[in-house]
Amino acid sequence: MEDETENDQGEYISPFHDIPINGDPGKDVFNMVVEIPRWTNAKMEIATKDPLNPIKQDVKKGKLRYVANVFPHKGYIWNYGAIPQTWEDPAHKDENTGCCGDNDPIDVCEIGSKVCSRGEIIQVKVLGTLALIDEGETDWKIIAINIEDPDAAKFNNIDDVRRIKPGYLEATVDWFRKYKVPDGKPENQFAFNGEFKDRDFAIDVIKSTHKFWKALVTKKTDGGEICCTNTTLADSSFCCSQTSAASTVTSAPACGPAHPKPVDVDKWFYC
């Protein structure tokens, strides 16, 4: 399962590199690429190593990856995605967590009432962040809300989530702690003893990962297998034409019929 990305002019873009980080320049409103709608299980993600970085389903040991349902949760409990033009540098040891980045764009848990669609671009207000340590890597989880949510004006910081949606933050920690246990892995750990950091801290983290991304696309940092091909960044040597981008897309293997969802995806695990 894979989604190519086009802008509203029908031009090919990379959801990793070509969508601006800010949804409203001059304000701390950020664009979010929705990879996984709430309540779903398929582990969809921006394919950072593929040309133009389509959104595709992760594969582990030759099988399409689905996250387990760990009681009382069903699939992802937020709209889950990433902020474009950010990158958690695996060569940079975070001064707060003592661990290096996870080599991906920074993740977002969007807590609004709407179930979004895969590939949708929404603008979010940042409320705070959780520092997950996932298999020894720093994996920031930004807590945010869609600015078009009917209750968005009520949310301005992490304490508002705790007050207005009681139990949601605790459920978020529980989800990230246990979601890999059904796969035979140990519980994940957290920096700051699993405490959430506030809005200003989260925005500073986002801005630092934007700087790492900027170094990546301008060849000031070696990104290894990361594909930096883009169609809009004039100051990047990885920028390509729409003709070249179209050739990349049309030369990709055609999609076959969708695989049926395995019956065990709906199994409930009790950890």
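Computed over protein heavy atoms with a 1.4 Å probe, the carbon and sulfur contribution to the accessible area of the chain reaches 51%.
Karplus-based coupling profile of region 138-149, in residue order and whole Hz: 6, 9, 5, 10, 7, 9, 8, 9, 4, 5, 8, 5, with θ = phi - 60° in 6.51 cos²θ - 1.76 cosθ + 1.60 and x standing for Gly or Pro. Sorting the segments 89-97, 50-58, 170-178 by their mean number of nearby beta carbons within 10 angstrom, highest to lowest, gives 50-58, 170-178, 89-97. Rolling a 1.4 Å probe over the protein heavy atoms gives region 6-269 an accessible area of 47 Å² per residue.
Computed per residue of the chain from DSSP H runs no shorter than four, each worth -39500 (n - 2.57), the mean residue ellipticity at 222 nm is -5000 deg cm²/dmol. With a cut-off of 8 Å between alpha carbons and a minimum separation of six or more residues, what is the relative contact order of region 95-208 in percent? Worked out over region 95-208, it gives 31 percent.
Simple rule: put +1 on each Lys or Arg Cβ and -1 on each Asp or Glu Cβ in region 112-271, find the dipole, and look at Cys227, Phe190, Ser247; the Cα lying farthest toward the positive end is Ser247.
Label positions at Trp268 and Arg163, each projected 7 Å from the Cα along the C-beta direction, are separated by 3.4 nm.
Here the Karplus curve 6.51 cos²θ - 1.76 cosθ + 1.60, taken at θ = phi - 60°, turns the phi angles of region 158-164 into couplings of 5, 5, 5, 5, 4, 7, 8 Hz, with x standing for Gly and Pro. From the alpha carbon centroid of region 1-70 to that of region 165-234 is 14 Å. Comparing Ala258, Ala42, Ala131 in a Gaussian network model of the chain (Cα springs below 10 Å), the most mobile by mean-square fluctuation is Ala258. Ranked by the mean number of other Cβ atoms within 10 Å of their residues, highest first, the peptides 104-110, 246-252, 224-230 come out as 104-110, 224-230, 246-252.
Less than 5 angstrom separates the built amide H of Tyr66 from those of Lys43, all sequence-distant by 5 or more or on a different chain. Contact order for region 6-269, expressed relative to its length and based on alpha carbon pairs under 8 Å spaced 6+ residues apart, stands at 22 percent.
The values are calculated or read from the model by the stated rules, or taken from the named source; none is laboratory data. Bear in mind that the values here come from a model prediction, so they are computed numbers and not experimental data. So basically every Cβ, Gly included, is an ideal-geometry build from the backbone, and we count neighbours across all protein chains shown. These area figures cover heavy atoms from the full protein model, side chains too; ligands, DNA and RNA do not enter into them. Shrake-Rupley method; radii C 1.70, N 1.55, O 1.52, S 1.80 Å.
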